[in-house]
Amino acid sequence: MPAAVWIPVALAAIAVFSIAIRFDLNAYLKERKRLQHVRLQTMCPHAVLDRHEDGTVFVRSLVQSPPLTFEAKCNRCHGDYAFDAHRRSR
Ligand SMILES: [Zn+2]
């Protein structure tokens, strides 16, 4: 093939590869951190087993409401679950 055909083909191939290889590491790490946080919130039971002084075991909720708000957040995973719990109770 003549060079007049090879040069545009090579430039087009380089352009395609440079677009495909472009990769934003910060966006990838930010998305990975967000997905890990979502996974941890999904796995969190929002409660722990605790023990009274007389030895009886009870479930202590980790969900607490900040003062003067209607929000409720889990102390461990910082998820917002107040309105979901309200919908489930209906
Ligand atoms: Zn939680």
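Every number in this text was worked out from the coordinates using simple rules, so none of it is lab data. Keep in mind it's a predicted model, so treat the numbers as computed, not measured. No Cβ is skipped: glycine too gets one built from the backbone with ideal geometry, and neighbour counts run over all protein chains shown.
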Mind checking which of R51, R60, R32 has the largest fluctuation in a GNM of the chain, springs on alpha carbons under 10 Å? R51
Compute the acute angle (0 to 90°) between the alpha-carbon long axis of helix 3-21 and the principal axis of greatest extent of the alpha-carbon atoms of the chain; round to the nearest 10°. 10 degrees
In degrees, nearest 10, range 0 to 90: what is the angle between the Cα axis of helix 25-43 and the longest Cα principal axis of the chain? 30 degrees
For the chain, size of Cβ-based charge dipole, Lys and Arg +1, Asp and Glu -1, in debye: 160 debye
In the chain, if the dipole is taken from +1 on Lys/Arg beta carbons and -1 on Asp/Glu beta carbons about the Cα centre, which of S18, V38, V59 is farthest to the positive end? S18
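For N26 and S61 in the same chain, what is the full-extension length gain: residue separation times 0.36 nm, less their Cα-Cα distance, in nm? Can you show the working numbers first?
On the way: separation 35, 0.36 × 35 = 12.60 nm, distance 3.58 nm.
9.0 nm is the gain from fully extending N26 to S61.
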Karplus ³J(HN,Hα) for segment 51-63 (6.51 cos²θ - 1.76 cosθ + 1.60, θ = phi - 60°; Hz, whole; x = Gly/Pro) runs 10, 6, 5, 7, x, 6, 9, 9, 9, 9, 6, 9, 7
Can you give me the P(r) profile for the chain? Cα pairs, bins 10 angstrom wide beginning at 0, each as a whole percent. 13, 22, 20, 13, 10, 9, 8, 4, 1, 0
How large is the charge dipole for segment 1-43, taken about the Cα centre, if only the Cβ atoms of Lys, Arg (+1) and Asp, Glu (-1) carry charge, to the nearest 20 debye? 340 debye
How far apart, in nm, are two points set 7 Å out from the Cα along the Cα-to-Cβ line at I14 and at L40? 4.5 nm
